[in-house]
1. Among Pro26, Ile77, Ala62, whose Cα sits farthest toward the positive end of the charge dipole of the stretch 8-123 (+1 at Cβ of Lys/Arg, -1 at Cβ of Asp/Glu, about the Cα centre)?
2. In debye, nearest 20, what is the charge dipole magnitude of the stretch 65-165 about its Cα centre with +1 on Lys and Arg Cβ and -1 on Asp and Glu Cβ, if you could check?
3. Whose amide H sits under 5 Å from the amide H of Val6, counting only residues 5 or more places off or on another chain, with H placed in the peptide plane?
4. For the chain, report the accessible area per residue in Å² (1.4 Å probe, heavy atoms, rounded to an integer).
5. For the pair Glu114/Ala62, report the inter-label distance in nm, with labels modelled 7 Å from Cα in the Cβ direction.
6. Where does helix 163-172 land angle-wise versus the long Cα axis of the chain, in degrees 0 to 90, nearest 10?
7. Using amide H atoms built in the peptide plane, which far-off residues or other-chain residues are under 5 Å from Asn156 H to H?
8. Hey, with R₀ at 25 Å, roughly what FRET efficiency would Ser78 and Lys168 work out to, going by the Cβ-Cβ distance, to 0.05?
Amino acid sequence: MSPKVVLLDIEGTVCPISFVKDVLFPYALAALPGVLETQWDSPEFAQYRTAFPREHAVSPAALADHVKDLMSRDVKISYLKSLQGYLWERGYKNGELRAPLFSDVAPKFARWREHNVVIMIYSSGSVPAQKLLFGHTNGDPANLLPFITDFFDTVNAGPKMEAASYEKIAAKHPEHPPAEWLFLSDNVKEVEAAKQAGMQSYIVERPGNAALSEETRKQHKVIQSFEELTE
């Protein structure tokens, strides 16, 4: 069955897995000291500062140390994600950041829309961070937000390796039963969870992704490019 909805992961699926760890994370750490120095008492920054545990928000130095510690351990927690999103927004808007999509992504978005295929995103990154990424890409057009119908993350959908999260996503759009959905990801456990929820799901194999075992290749359909998909 040709899918009516395509649900997309981000890292390792539409852009290199290295973009977040090698570009976005270092950018946030580099931008943080200047922001803390100039925005600490500003009303705009207050919502991000006050979201941190009190003991880590007593001073710019304490907050910076906590952020560095969390990021060094790759801890995924909502108040850190919100702060990162704020820092990245500044970078995207001033042109210092641009998402490096794989070359097949933007053209495929256009063809999916021509064929009335609905595009949605499901990533461990926050929804605001997802929107920043797709709003500032190297694609043509650079802003792909008009192509995307909905966004999901671990807050509004749940953990990506649990079938219940995909069931929740599908339930939000009951006009499309799970069998009409196609979830694309580089993560085998995510693909398995989507299948358990009744969706179609393929593994996307991109440069820089983790190597796939022969057993995985036997159990799941693997694609290297969106061009392999029929509308």
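The values are calculated or read from the model by the stated rules, or taken from the named source; none is laboratory data. Given the structure is predicted, the values throughout are model-derived calculations rather than measurements. A quick note on method: Cβ atoms are made from the backbone with ideal geometry, for glycine too, and the neighbour counts reach across all protein chains shown. Protein only, heavy atoms only, side chains kept; ligands, DNA and RNA dropped before computing areas. Shrake-Rupley method; radii C 1.70, N 1.55, O 1.52, S 1.80 Å.
1. In the stretch 8-123, that residue is Ile77.
2. The calculation lands at about 80 debye.
3. When sequence neighbours closer than 5 places are left aside, the close amide H contacts are Val118, Ile119, Met120, Leu182.
4. 47
5. For the pair Glu114/Ala62, the computed spacing is 5.8 nm.
6. 90
7. The list, which skips near neighbours in sequence, is empty: none.
8. Efficiency, from the Cβ-Cβ distance: 0.90.
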